[in-house]
Amino acid sequence: MTSGNLVLVATADLVSHVRGRAFGADQLADRLEHGIGWVPADLALTAFGALAETNAFGPLGDVRLRPDPSANLVLTSHDGGPDIELMLADTVNLDLSPWVCCPRDVLRRSLKALKEEFNLTLIATFEHEFTMLNADSTAMASGGPPFSAAALRHFEPFGTRLYSALGRAGFEPDTWLAEFGANQFEITLAPSEALVAADRAILLRELVRDLAKGLGWRASFSPLVRAGGIGNGVHVHFSLRDADATPILYDASQPGHISAIGGSFAAGILAHSSAICALTAPSVISYLRLRPHTWSAGHAFLGVQNREALLRICPTVGSVNVDQQYNLEFRAVDATANPWLVLAALTISGLDGLRRNLSGPTVIEGDPSAWTSDEREAAGVTDLPTSLNESLDALTKDEMIGEWLGSELLGTYFAVKEHELAILKGASAETICEMYASVY
Ligand code: GLU
Ligand code: MG
């Protein structure tokens, strides 16, 4: 007999859409072992629905989505009907080995290399911003001033439902706030081991969208919902722990209190920053958000408590467990990026810094966005890409990241992104905002 409850097994693809297939909960034991059928060419699906024509797979081949029961979340029915359990999956070959293009496995491989080569574990959390819109994606009247009790209260019971659903799922919700933008909100989770953090980011977005839909609204994570408006960022906080789980980013004797290992890791990220952006700010619209003086990320540098920095040294509070609190924040991320690939890009770039034993970047105390270009150059502060074309170009030239991703995944990624560029060629900022708000 088939139970009424569905389990939806899904992957987050190259454009960070969550796609998969559902089955009755009574099939779960078998599906955990053997997965459910999936099509390689699905990886070439683009943000707006079409398939990128120039993909390596075409009509050929089969893979499986094999659910990981620890990466799950219950989407509660809006009308008293059965709930749906959403479970994230690894994409595997028919012999159940990892598929070379599985984005979740790219992260797992990166974390394994960091562990094997340096005995280090990456700890992370994603800080999500999003905007509440009408169900048809148009702007709503303002619920209240920035950060106000009125704005937070206006959208109840959304916040309460979200916070308690995250708690029930074991995601350790931290802070819920009305943000600066009109009807913009932010939700944060406690840090966790990196693969778990990326899984939670993917599931959290689906939960937010689902809860908003249940209340007759639409929550959009698009980097910008209105031309000239306030951006929705997805800042990634991270730190490193050694084999004894001791935090090793902190060293009180150093500038910015960053340890030598932390400095090398940060230097690796800065060295690859333009190519990383092709994976973390991966859409045409990403570059309408990512501009100086918007508190997204203005330039590539390591800055102390500076919201214009690509890598921000976050504050610590008081004098207890300072090393546990100490973390870096990578700010050039938005929700059009796949969280598994975001953390993989940071991990392999940081790992490259460790392998090359790079010396730590200059720790910048002031605000380079307010300096002249000569002053920035003298301080080693570099520009971030200003368009998707520029970051893709940097990715093409970055052999280390390219080799790590592998030719099949990389080729598909370029095909997907070229399709996106072609669709939006010549489009106005307004049209670009409308299009992304309708799918993210
Ligand atoms: N909304 C800003 C962004 O696009 C971030 C503001 C903040 O620092 O929270 O990244
Ligand atoms: Mg914020």
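The values are calculated or read from the model by the stated rules, or taken from the named source; none is laboratory data. Quick caveat, the model's predicted, so the values are computed rather than measured. Methodologically, a virtual Cβ is constructed for each residue, glycine included, from the backbone with ideal geometry; neighbour enumeration extends over all protein chains shown.
Taking the criterion of being more than 15 Å from the chain's Cα centre (by Cα), of a type outside the set (F, W, Y) and within 16 Å of ligand 1 (Cβ to nearest atom), the residues of region 157-207 that qualify are D174, T175, L177, A178, E179, G181, A182, N183, Q184. Against the list (1) under 25 Å from the mean Cα position of the chain (by Cα); (2) free of Cβ contacts under 8 Å to residues at least 40 places away in the same chain, the condition V100 fails is (2). Return the residues of region 392-401 that are assigned to a helix (DSSP H, G or I) and either more than 23 Å from L51 (Cβ to Cβ) or within 19 Å of the chain's Cα centre (by Cα) (or both); say none if nothing qualifies. Passing the criteria: L392, D393, A394, L395, K397, E399, M400, I401. Between D83, D95, the distinction of being out of contact with any Lys or Arg (no Cβ under 7 Å at 6 or more places or on another chain) and free of Cβ contacts under 8 Å to residues at least 60 places away in the same chain belongs to D95 only. Only residues that are of a type in the set (V, I, T) and in contact with a Ser or Thr (Cβ under 7 Å, 6 or more places away or on another chain) were counted across region 12-64, and they come to 2.
Pairs meeting the criteria (first residue in region 174-203 and under 18 Å from L86 (Cβ atoms), second residue within 11 Å of ligand 2 (Cβ to nearest atom), beta carbons under 6 Å, at least 6 apart or on different chains) are I187/H128. Among residues of region 329-342 that are closer than 21 Å to A190 by Cβ and in contact (Cβ under 8 Å) with a residue 12 or more places away in the chain, those with a Cβ under 6 angstrom from a residue that is assigned to a loop (DSSP other than H, G, I, E, B) and within 16 Å of ligand 2 (Cβ to nearest atom), sequence gap 6+ or separate chain, pair up as E329/C314; R331/A297; A335/F221; V342/V333. Based on this model, can you work out whether T131 counts as among the β-branched types (V, I, T), farther than 30 Å from A260 by Cβ and modelled with pLDDT under 95? No.
Comparison of F180, F147 shows that the only residue that is modelled with pLDDT of 95 or more, within 16 Å of ligand 2 (Cβ to nearest atom), at positive phi and assigned to a loop (DSSP other than H, G, I, E, B) is F147. Listed here are the strands (runs of 3 or more DSSP E) enclosed by region 1-101 that have at least 3 residues being surrounded by fewer than 22 Cβ atoms within 10 Å (Cβ to Cβ): 18-24, 63-75, 84-92. Taking P157 as the residue in question, decide whether it is without any contact (Cβ under 8 Å) to a residue 40 or more places away in the chain and either surrounded by fewer than 16 Cβ atoms within 10 Å (Cβ to Cβ) or over 17 Å from R226 (Cβ atoms) (or both). Judged against the criteria, P157 is not a match. Report whether or not E206 is under 30 Å from V63 (Cβ atoms), out of contact with any helix residue (DSSP H, G or I) (no Cβ under 9 Å at 6 or more places or on another chain) and at pLDDT 95 or above. The answer is yes for E206. Screening region 13-67 for residues that are out of contact with any helix residue (DSSP H, G or I) (no Cβ under 7 Å at 6 or more places or on another chain) and polar (S, T, N, Q) and picking the one that is farthest from A415 (Cα to Cα) gives Q27.
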